Every structure is written in structure tokens, then in C-alpha cells.
Amino acid sequence: MNSRILIGKILRLSIGPTAALTVAMVGAHGSAPAPSLFAATPSAFHVHLLRSQPAEHDTLAKLPATITLWFSEAPELAVTSVKLTGADQRAVSLDAPKRADASLGAGSDAAIVASVKDATKPGVYTVAWKTAAKDGHPASGTYSFVVAPKR
């Protein structure tokens, strides 16, 4: 008896910023394929956010001069965007993202920096980013931080 496993169509679904679900049609040779589920960890993604500055849930005394994002691999700048929404739900003006310089240390080749152009008010700020690596698979996410009012 031949016990080879055949995999037909494979579908990957993102189910949050750090998880994915892969559905594969799997069947033994000669039988009808049935759906099978496989959970994927962030390392299975093509490109994902590793860390940021400011970090998610940080509380800062003032708005930072830059937003820095470190990815699992070098993002393609042509398809990378960073948006910052202020406490009043208005867009905060940012320079276009650029590659981080080596002064950031290890991993700087996979980091981008967007300079903040506007001075703004205290409150909750949301960073929304989109990118892709050389393989072309897109990735995106959001996170928030707080600028505390002056005392």
C-alpha cells in the first residue's frame, strides 16, 4: 500500500498581528483530500515587526522625534508606510520612512525610521505601519503609546 500524503491547495490566513492559520487540503494517495489545519508562529511569517521605539503601551513625557520600527527582515522602502494618529484622531505629519543608520546597532539593516514633524497634544497615539520584504508578501499592524500631560 502506498502511504504518500498529497497536499493540494494551501491557504494562509492572518488571524492577528502574531498568528496565522494554514488550511491545507491533505489526503492519502488515491483518496479525496480533506481540510487540515496547521497553526503558524510569527517566525513562519515572511516579515513581521520585532520591536518599536516608542514601544507599544509606553508612556512618554513628550512626543518622540522619531518612530523606529525593527522588522524580522529588511523591508522594501518603496512599499513601506508609517502613519501616526494623534489623541484628537488627526494624522500627525511624518517624514517618509527611511532606513535606520548603523548607530542603532544590531538589526539596524532591518529597521526603518520616520521623523515626527508636528508638535502635538498629550493623549493616546496610534502607529499604523505597512510593509513587505523582497518576497513581496505584505504585512501590517498597529500599536499605541501615550504622551502624558505635563504636571
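The values are calculated or read from the model by the stated rules, or taken from the named source; none is laboratory data. Because the structure is a prediction, the values reported are computed rather than measured. Cβ: placed from backbone, ideal geometry, glycine included. Neighbour counts: every protein chain shown. Heads up: the accessible areas ignore ligands, DNA and RNA and are worked out on the full protein's heavy atoms, side chains in. Shrake-Rupley method; radii C 1.70, N 1.55, O 1.52, S 1.80 Å.
With the requirement that a residue be out of contact with any Leu (no Cβ under 7 Å at 6 or more places or on another chain) and loosely packed, with under 14 Cβ neighbours inside 10 Å, what does the stretch 108-118 give you?
Asp109, Asp118
Which residue, of Ala74, Ala128, is at pLDDT 90 or above, within 21 Å of Leu50 (Cβ to Cβ), open to solvent by less than 50 Å² (accessible area, probe 1.4 Å) and assigned to a loop (DSSP other than H, G, I, E, B)? Talk me through it step by step, then tell me what you get.
Details: Ala128 fails: assigned to a loop (DSSP other than H, G, I, E, B).
Just a single option satisfies the conditions, and that option is Ala74.
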